[in-house]
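Q: Have a look at this one.
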Amino acid sequence: MLDLFSHILHLDFTWLFAEYGTTIYTVLFLVIFIETGLVAMPYLPGDSLLFTAGLFARSGHLNLSYLLILLFIAAVLGDNCNYWIGRKLGLKICTLRFNGKNLVKKEHLHKTHVFFKNHGTKAIIMARFVPIVRTFSPFAAGIAEMDYRRFFSFDILGGLLWVGSLTIAGYLLGEIDIIRNHVDLVCLTIIFVSVLPIFVSYWKGKNKNPKNA
């Protein structure tokens, strides 16, 4: 299992194809579900994984339609699972410890709180594109007992935009040699753009603090 996650983190699709064949659809489904559905697993490379999957769909290794449908379902199911975990068990989970450390890091919840405060309800959609915040957003919405129908409607839209835009971007750009040959750099760029809203929010909050004036 650790070997599998190591190859996933490195986006080693060649190894995944060799080991799992067409079962790779199930692996991708589980990765997206776990990243969005388990608050203790925020470090999986969701953005990069979607983009890279799109690249391999362009090369004919994967079916784009299957990817879009399966990964959208995984993203929505994951968020909804996380929402209800937060709503039913949120405060209890926040106190759990593993190897002497909090299972849920308080700074991650704080970042998510700041993100919601700065962007309001639309944060449900925007959070899809921000690593770590993406995992904690539905959990925080559940703890806050956000109206479920409102959460669900925004979550579906966010899931469509997130899975659709990144997977299709990878598919469309997959025929460009410089992108196909430098997937690692492209993924790093995606990660940088994804976390940019956190730094912008932090910078704005810091400048509003009168102590820093």
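Q: Does Ala53 satisfy the criteria of being at negative phi, buried (at least 22 other Cβ atoms within 10 Å of the Cβ) and part of a helix (DSSP H, G or I)?
A: yes
Q: To continue, here is another question. Please work out which residue is farthest from Cys81 (Cα to Cα), limiting yourself to the stretch 17-30 and to residues that are under 20 Å from the mean Cα position of the chain (by Cα) and without any contact (Cβ under 8 Å) to a residue 40 or more places away in the chain.
A: Selected residue: Ile24.
Q: Look at the stretch 147-157 and say how many of its residues are of a type outside the set (Asp, Glu) and touching a residue at least 40 places away in the same chain (Cβ under 8 Å).
A: The qualifying residues number 4.
Q: Which of the residues spanning the stretch 57-106 are in a loop (DSSP other than H, G, I, E, B) and at pLDDT 90 or above?
A: Those that are in a loop (DSSP other than H, G, I, E, B) and at pLDDT 90 or above: Leu62, Asn63.
Q: From the list Arg134, Arg128, which one is surrounded by 16 or more Cβ atoms within 10 Å (Cβ to Cβ), charged (D, E, K, R), modelled with pLDDT of 80 or more and under 19 Å from Gly54 (Cα atoms)?
A: Arg128
Q: Within the stretch 149-172, how many residues turn out to be more than 17 Å from the chain's Cα centre (by Cα), modelled with pLDDT of 90 or more and either at positive phi or surrounded by fewer than 21 Cβ atoms within 10 Å (Cβ to Cβ) (or both)?
A: Total satisfying the criteria: 2.
The values are calculated or read from the model by the stated rules, or taken from the named source; none is laboratory data. Please read all numbers here as calculations on a predicted model, not as lab measurements. Glycine gets a Cβ as well: all are built from the backbone with ideal geometry, and neighbour counts include every protein chain shown.
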